[in-house]
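Q: Following this message is one structure expressed as structure tokens.
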Amino acid sequence: MAAEALTSIDFDKHKNVIRNTDPVGLQYILGIPIEIWSNLYIPMSRYGVAYTNHVESWNNVILKVRDLPIHMFIEELRRICLKMSYTYREEAEKSQTRLTSWATYHCIPCKHGVRALGLANVDPTTRISEYFTNNTYKTVYEPIWIPIRRIEQWKILKTDPRVRVPIPIVRASRPCTQRKRREKMFGLATKLRFCSRCRKNGHNRHSCMLLPIPSDDNTCPDNGTVFYDEHLATCHPR
């Protein structure tokens, strides 16, 4: 579990469990370079992820061009993908090995497995995932990117594809009152709002956060129907 921990807190927790269970085994493990067996201290981006997710990685690529007009943005996006595809395809063509440079000790068999495969006359590279082979790398970047036609070569349809401003529709209900706040003038005294519920300034009882709490003073010992007067705070029979 300590080898699979991705945070220092989890790593220390699992390391303490090993210390309490087998102190001698912990000393043996710590004698091995920690960057070899712990995912937390691997000197590279774990699992090839440099950001929180793929969306953040792609957002960092288009950061400089995402505010352009849509047709220019599409063209810049095509240019970025074309450049990346060409660079990686040329890199794959230059490689003469069966495996890519990313096929390290994390995916190839260990030295004991390589020795056992050698005694069995088996090529160790055949025991590696196909995703780390150079042929798969070439296949991914083999398709070509078709350039976008210039604006003069765009096909104009018979219908009008332009997006226009929506037609405003007047609602059937009463329109809202558009009130404008008066500009604050120096020396002009304004009336403060007063709440009759909590007895504080700055708001009224409709926007008060204090819920009304019924008490004995707000009830009347009457058998008939009563109502509560919010202004006089008294009960009156109907």
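The values are calculated or read from the model by the stated rules, or taken from the named source; none is laboratory data. Predicted model only: the values in this text are computed from it and were never measured. Counting neighbours? That spans all protein chains shown, and the Cβs are built from the backbone with ideal geometry, glycine included.
Q: From the set of residues in region 22-63 that are surrounded by 10 or more Cβ atoms within 10 Å (Cβ to Cβ) and polar (S, T, N, Q), which is modelled with the lowest pLDDT?
A: Looking at residues that are surrounded by 10 or more Cβ atoms within 10 Å (Cβ to Cβ) and polar (S, T, N, Q), I get Ser57.
Q: Tell me the helices (runs of 4 or more DSSP H) entirely within region 58-167 that contain at least 1 residues that are more than 29 Å from the chain's Cα centre (by Cα) and of a type in the set (S, T, N, Q).
A: Ranges flagged: 134-140.
Q: Quick one: in region 64-103, which of the residues that are under 30 Å from Glu4 (Cα atoms) and surrounded by 12 or more Cβ atoms within 10 Å (Cβ to Cβ) is modelled with the lowest pLDDT?
A: Of everything passing the filter in region 64-103, Ala103 is modelled with the lowest pLDDT.
Q: Where the second residue is surrounded by fewer than 14 Cβ atoms within 10 Å (Cβ to Cβ) and the first is of a type in the set (Gly, Ala, Ser) and lies in region 76-93, which pairs have Cβ atoms under 7 Å and are six or more apart or on separate chains?
A: That search, which allows pairs on different chains as well, returns Ser85/Trp145.
Q: Can you tell me which of (1) in contact with a helix residue (DSSP H, G or I) (Cβ under 7 Å, 6 or more places away or on another chain); (2) at pLDDT 85 or above; (3) within 30 Å of Val163 (Cβ to Cβ) is the one Arg19 doesn't meet?
A: Here Arg19 meets the rest and fails (3).
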